[in-house]
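Report on the structure given below.
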Amino acid sequence: WYNFWTFQRTQGKIITSFSHSITLCLHIKTHLHLNACLATYLLTIRLFSSGISSATPTEETNDAGNLMDFLDEPFPDVGTYEDFHTIDWLREKSRDTDRHRKITSKSKESIWEFIKSLLDAWSGWLVMLLIGLLSGTLAGVIDLAVDWMTDLKEGVCLSALWYSHEQCCWTSNETTFADRDKCPQWQKWAELMTGYTEGAGVYLLNYFLYVLWALFFSFLAVSLVRVFAPYACGSGIPEIKTILSGFIIRGYLGKWTLLIKTVTLVLAVSSGLSLGKEGPLVHVACCCGNLFCSLFSKYSKNEGKRREVLSAAAAAGVSVAFGAPIGGVLFSLEEVSYYFPLKTLWRSFFAALVAAFTLRSINPFGNNRLVLFYVEYHTPWYMAELVPFILLGVFGGLWGTLFIRCNIAWCRRRKTTLLGKYPVLEVIVVTGITAVLAFPNPYTRRSTSELISELFNDCGSLESSQLCDYINNPNMSRPVDDIPDRPAGPGVYSALWQLTLALVFKIVITIFTFGMKIPSGLFIPSMAVGAIAGRIVGIAVEQMAYHHHDWIIFKNWCRPGADCVTPGLYAMVGAAACLGGVTRMTVSLVVIMFELTGGLEYIVPLMAAAVTSKWVADAFGKEGIYEAHIQLNGYPYLDQDEFTHRTLATDVMRPRRNEPPLALLTQDSTTVEDVETLIKDTDYNGFPVVVSHESERLIGFVQRRDLILSARQKQDGVVSNSVVHFTEDAPQIPASNPQPLKLRRILNLSPFTVTDHTPMETVVDIFRKLGLRQCLVTRSGRLLGIITKKDVLRHMAQMMNQDPESIMFN
């Protein structure tokens, strides 16, 4: 028989007991399960071997088996931080440094410990490999499923039901180049049901079935999200930004969220709603990262290290979303990550590389290329074209401002009215309106990715699109890739009207779609708006150059019979401008765009449009769409904008006038009962420790969690009126007094402090760069108050004439 610690969950409390025998294990076996018995036994052996057992648990020891080593280990089902709390970056960094120091010292003891240290060092690269493989595989499966289900709304492949329209006609031997989209194996629903291919009845039946399939897909998506994983809705990037800044949202990156988000993302995109899959793929990749973090204690027990993995996972998500591994790394660095050390940069690059390689192996686009919208232009751009490129940048900035303001106003109305109580009905109504208005227009009926691909394409001699219906000169004898500018034909003018209607439709419907309770990305809809506007501008400039080549603006670079203007390039620049206006990305946006299209030669026009759109959008408001949604949801996120107001720490610290005094602990006069009462009556994350209530000289800071765990330890001789000592050497006490409770080891002797006259500009910078949860305010060593991250956020909101309480997480 051994004396050991056993832990048993009873009515939500963890009870510690001593001097139990194996009879307890047998008791657990009869009432619970054999696995619980074995788990208890293994826990006993582990704690016994660590020096925490034996009959003297209250003795202070200097080896690894002290009480605080045990307290640093979380109890079963009890995390280091509670839900909707902020992590302590400095504490997590210190814990990881201690862990690494311990592993390094042990590695010199034996070969086995040395091997374990090598495995620990390579565990990060292994996690990156697994994230890349899984996220690339899921992205490939999503792309294939979206293509098939999008085409399923219009028809079915009779030779193989799982083939999309394009795949079905690829395998057909009866497909001609002129009618490459028509083959006997692919039949629309009306043709399959009635046997007719033309007529008003056929059109109406296809129309009705198109709307019906769209409603079915969206209803299934919102139902799955509502029932199984409420966190699977939306883009996910605002929440990912908040989590990477140190906020805890339990379940947001869980297994159920990963499964439901993957399935419902396919359904939502296939329904034809004005949304994309690129943002949600970042969420999916971060769920993969969180899943693999749980396999390694190095990451599962340290929230700071976990966020390094999630930053790399976000890079892998963008890599598979656009086929842009370098752009994914820059996106994680510029837009998402809060803490991004050099080591994370390397691992992000490796994860993005593996993810891109995996996606390329699946080849979901069927073009043996990684990029989504591959283009190949044969005409260079000219300096005079910078004028329309900059105008497209202005349009992108104005569109971004309009979208953010209208979308946030609509989302706020959704949160504050009855509309938010009926998310399923909202999705069904928006889907119905989208499908009814989209079907008559061929540019809105097709998927948004196909639309952007057509708008980006250059018009060659083999193109059959309406956008390439130019009037050819019968005497022209030029190479296929060097077609001169030509007058627009009736098909081009018809396409311009349809594109104008599609532009208005996309602008309006995207405002109401983004933010609904289904997975919804914003990259592709924003790019579609810009691509439509850019293609219209490109055709206009092309026709002006053809009909007015003697104008001074065209005279120097556009001679008659030359191929001067490429409308597809304008579409690409417009897409970058609108995406930049909405997200406020710059560097990563340009890299993503030239990786996305393969158009490295056109990086200067992309840069000009991206910078212009950001300047214009910033003139109306500094925050992008993701920051706006973070503020709307009240997440405690400190952005990178400068704090320019002239206030001091004393203006922000608590307690203020007419508020109760600060909850304190003294170093040698607080009893166990006082500590338990303090924990019960307050919900603070920690408490300052002072010399006495009279002097209030600061000694240190103790975390609430450590106090709770210490209060649960029923040590020999410790009762409710036992004095709690935070000092190194407890004073001699009479024999009649109860045994004191020594908690020196849980006291942080170096809490971060500022003086009461420290400018808030400095305090905000400290909170932002060090990731603090709280900061103590002193004057000449005397404690005056405390500033928490929420206090800083309230103060910043108040300085911007906003409701201070509106920014808190609800």
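Take residue 636 and decide whether it is modelled with pLDDT under 90 and either on the phi < 0 side of the Ramachandran plot or not assigned by the TED database to the domain that holds residue 235 (or both). Yes, satisfied. Going by what's in this entry, would residue 766 be described as part of a strand (DSSP E or B), out of contact with any Pro (no Cβ under 6 Å at 6 or more places or on another chain) and surrounded by 14 or more Cβ atoms within 10 Å (Cβ to Cβ)? Against the criterion (part of a strand (DSSP E or B), out of contact with any Pro (no Cβ under 6 Å at 6 or more places or on another chain) and surrounded by 14 or more Cβ atoms within 10 Å (Cβ to Cβ)), residue 766 does not qualify. Counted as qualifying within segment 139-256 are the helices (runs of 4 or more DSSP H) with 3 or more residues that are modelled with pLDDT of 90 or more, namely 200-228, 237-244. Is there a residue in segment 595-615 that is in contact (Cβ under 8 Å) with a residue 60 or more places away in the chain, over 27 Å from residue 409 (Cβ atoms), of a type in the set (Gly, Ala, Ser) and not in a helix (DSSP H, G or I)? There is at least one residue in segment 595-615 that is in contact (Cβ under 8 Å) with a residue 60 or more places away in the chain, over 27 Å from residue 409 (Cβ atoms), of a type in the set (Gly, Ala, Ser) and not in a helix (DSSP H, G or I). Against the numbered list (1) crowded, with 20+ Cβ neighbours inside 10 Å; (2) touching a Phe, Trp or Tyr at 6+ places or on another chain (Cβ under 6 Å); (3) modelled with pLDDT of 85 or more, residue 597 comes up short only at (3). Listed conditions (1) assigned to a helix (DSSP H, G or I); (2) open to solvent by less than 10 Å² (accessible area, probe 1.4 Å) are all met by residue 558, apart from (1). Considering segment 678-704, and only residues there that are assigned to a helix (DSSP H, G or I) and closer than 22 Å to residue 785 by Cβ, the residue that is nearest to the chain's Cα centre (by Cα) turns out to be 704.
Being free of Cβ contacts under 8 Å to residues at least 24 places away in the same chain and closer than 22 Å to residue 796 by Cβ is a property that holds for residue 657. When segment 725-751 is filtered for residues that are open to solvent by 90 Å² or more (accessible area, probe 1.4 Å), under 18 Å from residue 686 (Cα atoms) and in contact (Cβ under 8 Å) with a residue 60 or more places away in the chain, the ones remaining, listed by number, are 742, 745. Sort through 792, 754, 777 and tell me the only one that's farther than 30 Å from residue 308 by Cα and open to solvent by less than 20 Å² (accessible area, probe 1.4 Å). The unique qualifying residue is 777. With respect to (1) more than 27 Å from the chain's Cα centre (by Cα); (2) farther than 26 Å from residue 602 by Cα, the lone exception for residue 411 is condition (1). Taking first residues from segment 250-262 that are surrounded by 21 or more Cβ atoms within 10 Å (Cβ to Cβ) and partners that are hydroxyl-bearing (Ser, Thr, Tyr), the Cβ contacts under 8 Å between residues at least 6 apart in sequence or on separate chains come to 252/231; 257/231. Flag not set for residue 271, criterion: more than 23 Å from residue 218 (Cα to Cα) and crowded, with 24+ Cβ neighbours inside 10 Å.
Taking (1) free of Cβ contacts under 8 Å to residues at least 12 places away in the same chain; (2) open to solvent by less than 10 Å² (accessible area, probe 1.4 Å) in turn, residue 409 satisfies each apart from (2).
Okay, residues lined up against (1) closer than 30 Å to residue 431 by Cβ; (2) aliphatic (A, V, I, L, M); (3) open to solvent by less than 10 Å² (accessible area, probe 1.4 Å):
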position: 232; (1), (2), (3): yes, yes, yes
position: 240; (1), (2), (3): yes, yes, yes
position: 247; (1), (2), (3): no, no, yes
position: 290; (1), (2), (3): no, no, no
position: 300; (1), (2), (3): no, no, no
position: 308; (1), (2), (3): no, no, no
position: 321; (1), (2), (3): yes, yes, yes
position: 330; (1), (2), (3): no, yes, no
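Within the option set 312, 351, being in contact with a Lys or Arg (Cβ under 6 Å, 6 or more places away or on another chain), open to solvent by less than 40 Å² (accessible area, probe 1.4 Å) and modelled with pLDDT of 90 or more holds for one residue only, 312.
Taken over segment 540-576, residues that are in contact with a helix residue (DSSP H, G or I) (Cβ under 6 Å, 6 or more places away or on another chain) and farther than 30 Å from residue 514 by Cα amount to 8.
Considering every residue within segment 171-182, establish whether at least one is in contact (Cβ under 8 Å) with a residue 24 or more places away in the chain, more than 25 Å from residue 434 (Cβ to Cβ) and not aromatic (Phe, Trp, Tyr). Checking segment 171-182: at least one residue is in contact (Cβ under 8 Å) with a residue 24 or more places away in the chain, more than 25 Å from residue 434 (Cβ to Cβ) and not aromatic (Phe, Trp, Tyr).
The values are calculated or read from the model by the stated rules, or taken from the named source; none is laboratory data. These numbers come from a predicted model, not from an experiment. Heads up, the Cβs are rebuilt from the backbone with ideal geometry, glycines too, and the neighbour counts pull from every protein chain shown. These accessible areas exclude ligands, DNA and RNA; they are computed on the full protein's heavy atoms, side chains included. Shrake-Rupley method; radii C 1.70, N 1.55, O 1.52, S 1.80 Å.
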